[in-house]
Amino acid sequence: DSQHADAKAAIHDVIRSQEAGWNEGSIEKYMEGYARLETTCFISGGTISFGFDTVLARFKKGYPDASQMGTLSFSELGIEILNGGEEALVNGIWALERAEDKPWGRFTLLLRKLDEGWRIVHDHTSSAK
């Protein structure tokens, strides 16, 4: 229905804004897609991090400069609206284009409709390496 179409469009915008922020070299702009909550969860590489600030610090440590960040692209986005339109399950492929390599993998996100808009509350990202 149109409500779900609007939600999917808004979520798509969040994901594309993250991509743009990353490609500007700004982890802070990328992180605007995440909920600023202590319960925000990021799982990758066998470790789990909780809390917006912890996740931000993890990204900054893992990607200390523009060459490590490379150029990010998201593809094959699937968006399913859940819980009466209050949450959404998103999956897709992430890929980095860097001088030395081209890592990629898959992700599954849980987004929640908050006062500030749709935000990621749970991110499970894997690498295809």
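The values are calculated or read from the model by the stated rules, or taken from the named source; none is laboratory data. Given the structure is predicted, the values throughout are model-derived calculations rather than measurements. Reconstructed Cβ throughout: ideal geometry from the backbone, glycine too, with neighbour counts over all protein chains shown. Surface accessibility is based on the protein's heavy atoms, side chains included, excluding ligands, DNA and RNA. Shrake-Rupley method; radii C 1.70, N 1.55, O 1.52, S 1.80 Å.
Calculate how many DSSP beta bridges within the chain are antiparallel, expressed in % of all such bridges and rounded to the nearest 5. Intermediate results must be reported in sequence, preceding the final value.
Numbers: 33 of 37 bridges.
Antiparallel bridges make up about 90 percent of those DSSP assigns within the chain.
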- [ ] Note the angle between two axes, namely the Cα long axis of helix 2-23 and the longest principal axis of the Cα atoms of the chain, as a number of degrees from 0 to 90, rounded to the nearest 10.
- [x] 20
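Using the Kirkwood radius built from alpha carbon pairs, what does the Stokes-Einstein equation give as D for the chain at 37 °C and 0.692 mPa s, in µm² per second? Walk me through the intermediate numbers first.
Numbers: Rh = 14.9 Å.
Reported coefficient: 221 µm²/s.
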- [ ] Please calculate how many Å² of accessible area segment 32-73 carries per residue, with a 1.4 Å probe and no DNA, RNA or ligand atoms counted.
- [x] 57
Task: Amide H within-cut-off set for HIS122, under 5 Å, with H built and near neighbours excluded - done: CYS41, LEU110
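Report the FRET efficiency, 1/(1 + (r/R0)^6), for SER126 and HIS12, where r is their Cβ-Cβ distance and R0 is 25 Å, rounded to 0.05. Kindly include the intermediate steps, with their values, before the conclusion.
Working: r = 22 Å, r/R0 = 0.87.
The formula returns an efficiency of 0.70 here.
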Task: Whole-percent carbon and sulfur share, accessible surface of the chain, 1.4 Å - done: 51
Task: Tally of Lys pairs whose C-alpha atoms are under 24 Å apart, taken over the chain, 8 or more apart or cross-chain - done: 11
Open item on the list: Given contacts defined as C-alpha pairs under 8 Å and at least six residues apart, what's the relative contact order of the chain, whole-number percent?
Closed with: 23
